[in-house]
Amino acid sequence: MPDNVNFAYRESEALTEDPVGLVVVLYDMLLKDLHDAIIALSCSDIERRAAAIRHSMLVLQQLQSTLDMENGGIVAANLARFYNFTRAKLLEGQIKASAEIFEQ
């Protein structure tokens, strides 16, 4: 429960502060989703693992949608490639049921 309270506080703070804070919250969400997927995998909880991966894909989509490809130059292009790579690895980890891939 304290994790949820801390996360809700950080999320609220990010939404009222600046876009960088929101990106930090989204990265935290992504890491939490990956952790949940790994735990679910160790418990053979396919439904929980699928939910965690599905949510992580939504987080990646949100991160990618914030990129300004016109003004972001090489940084935006590199982040777009990173997000695409991460999405592909999540799908691979889901298909192979691999904690090792999720940990990467």
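Scan the stretch 56-65 residue by residue and report those that are open to solvent by 70 Å² or more (accessible area, probe 1.4 Å) and not aliphatic (A, V, I, L, M).
Result: Q61, Q62, S65.
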Qualifying positions in the stretch 61-97 - outside any loop (DSSP other than H, G, I, E, B) and over 30 Å from S44 (Cβ atoms): Q64, S65, G73, I74, V75, A76, A77, N78, L79, A80, R81, F82
Scanning the stretch 27-62 for residues that are without any contact (Cβ under 8 Å) to a residue 40 or more places away in the chain, within 17 Å of A97 (Cα to Cα) and among the hydrophobic types (A, V, I, L, M, F, W, C) gives I39, A40, C43, I46, A51, A52, M57
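The values are calculated or read from the model by the stated rules, or taken from the named source; none is laboratory data. Note that the coordinates shown come from a computational prediction; the quantities given were computed from them, not determined experimentally. Every residue, glycine as well, gets a Cβ built from its backbone with ideal geometry; the counts of neighbours run over all protein chains shown. With ligands, DNA and RNA removed, areas are computed over all heavy atoms of the protein, side chains included. Shrake-Rupley method; radii C 1.70, N 1.55, O 1.52, S 1.80 Å.
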